[in-house]
1. Tell me: how much accessible area in total is hidden between A and B, 1.4 Å probe, Å², nearest 100?
2. For B:Lys45, what accessible area in Å² do you get when you roll a 1.4 Å probe over the heavy atoms of the protein chains, rounding to the nearest 10?
3. Within segment B:70-91, which residues have the backbone N less than 12 Å from the label spot 7 Å out from B:Ala140 along Cα→beta-carbon, could you tell me?
4. Between B:Asp181 and the same site in the other copies, what are the distances in nm, shortest first, taking label points 7 Å from Cα along the C-beta direction?
5. Hey, rough spin-label estimate for B:Arg120 and B:Ile34, points 7 angstrom out along Cα→Cβ, what's it come to in nanometres?
6. Would you mind giving the three semi-axes, in whole Å and largest first, of the ellipsoid equivalent to segment B:1-111 according to its Cα gyration tensor?
7. Of A:Asp80, A:Asp148, A:Asp107, which has the largest mean-square fluctuation in a 10 Å C-alpha GNM of chain A?
8. Using only alpha carbons, build the gyration tensor for segment B:133-178 and give me the equivalent ellipsoid semi-axes, biggest first, whole Å.
Number of protein chains: 2
Amino acid sequence: MIAPLLSRAERVREQVLDATVALVAEVGVERTSIDEVASRSGVAKSTIYRHFPSKQVLVIEAVHTCMSIPTVTDSGSLRDDLISCFSGMTRATYEGKLGSMQLSLMDAAQRDPELGRLLRAQTDQKRRFATAVLERAVAAGDLPADVDIELLVTLLSGPLVYTKLVRLQPVTNELIVAVVDTVLAGIGVRQSVD
Amino acid sequence: MIAPLLSRAERVREQVLDATVALVAEVGVERTSIDEVASRSGVAKSTIYRHFPSKQVLVIEAVHTCMSIPTVTDSGSLRDDLISCFSGMTRATYEGKLGSMQLSLMDAAQRDPELGRLLRAQTDQKRRFATAVLERAVAAGDLPADVDIELLVTLLSGPLVYTKLVRLQPVTNELIVAVVDTVLAGIGVRQSVD
DNA sequence: AACAATCGCTACGGTACCGTCTCGATTTGA
DNA sequence: TCAAATCGAGACGGTACCGTAGCGATTGTT
């Protein structure tokens, strides 16, 4: 064999983590078993335990591999930046496997402090992205200085989370636009009408 | 013994359901076991199975006992009615044991169609309450006839759900007021300013 | 007081899972 | 090429859970 792109150890790790992600997305954290991960990944259970000390750690590392960092745009238009911001965060959070894992992770996080910290960090980071966009608008004079940014982020994020997790419906771009426009109008931001 | 308010069978049922609710609220649906329910309720496991055919049914009936129906006020003020409506629904949904069960139930509902139907009915009912308030406002001319009521309900419910389930923070009355006021302002409803 | 229904207690078979271990086979790197 | 590291396969003890069954004790009814 010549020049493998990944060492065997790396290949094994990846296979195990992939299978774990798929399984958690399918049956949730609680019903995910190491035996099933072994069976699906084609990696022996003993080998899994050579790479990960416990199921808890395995799940957390698997979740880690799904998390991506959205980018923040600066178009000069608050409306466009907010739409872009929440569109990106929705894709990163609620599409793909991570989206299917979300509810189970949130539930498990109630009883697993480590997982709780991970999700809280995820949430806080997303809020910081939106906060940054809004603070930039305040600095630019597009928003009044006394606006409650914390509240604004909740007003913008909430309807999207609710649509995905409670109503189990897709978060469309139309919804994001409607939410952004209504909330901006609610705090008195004049908008260019087509 | 004289004139028991409840027959023994009713007393047993109640004890079992109460213990189930408490246990689900503490450890979630998945980790709730019949043995533990028996131990906590003081009812023998065999007796539990005489009343409920399976754990799934027991959990669903236990959840049922927690669900209360909020009332709808008609004060003539759209703002006040919305605040009252969402305040009541928040109390009914996110306070007490049902609040602690919520995330675990939502997760379990992904893989238990029966539980899924129950939660969906719960969600739909709450949306209908808010929809009724909004439709009344349209009829009274307080809202434009072409307003998207579905979207409005999502805009109002979302931030509250998000605050409770994602941020794990209490849904205060101040938050509800701020959400209602901002959303109403967003669709161009003039408000009396104090 | 007597009888039927219901209960508590306990044990059971069956299953599933965790995390460990052994051992023979395979791979890697020097 | 050859030794060391890593792997797959599978068995293991231990635990927890489900749902059932047997049986003596309690209850409520008549």
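1. Working: alone 11270 and 11240 Å², together 19380 Å².
So the buried area, both faces added, is about 3100 Å².
2. Looks like 90 Å² after rounding.
3. So the set is B:73-83.
4. 2.6
5. For the pair B:Arg120/B:Ile34, the computed spacing is 2.8 nm.
6. Rounded to whole Å, the semi-axes are 32, 19, 10.
7. Taking springs between Cα atoms under 10 Å, the residue moving most is A:Asp148.
8. 26, 11, 6
The values are calculated or read from the model by the stated rules, or taken from the named source; none is laboratory data. Only a predicted model underlies this, so the values are computations on that prediction, with no experimental measurement involved. Quick reminder, even Gly has a Cβ in these numbers, built from the backbone with ideal geometry, and neighbours come from all protein chains shown. Just so you know, the surface numbers come from the protein's heavy atoms only, side chains and all, with ligands and any DNA or RNA stripped out. Shrake-Rupley method; radii C 1.70, N 1.55, O 1.52, S 1.80 Å.
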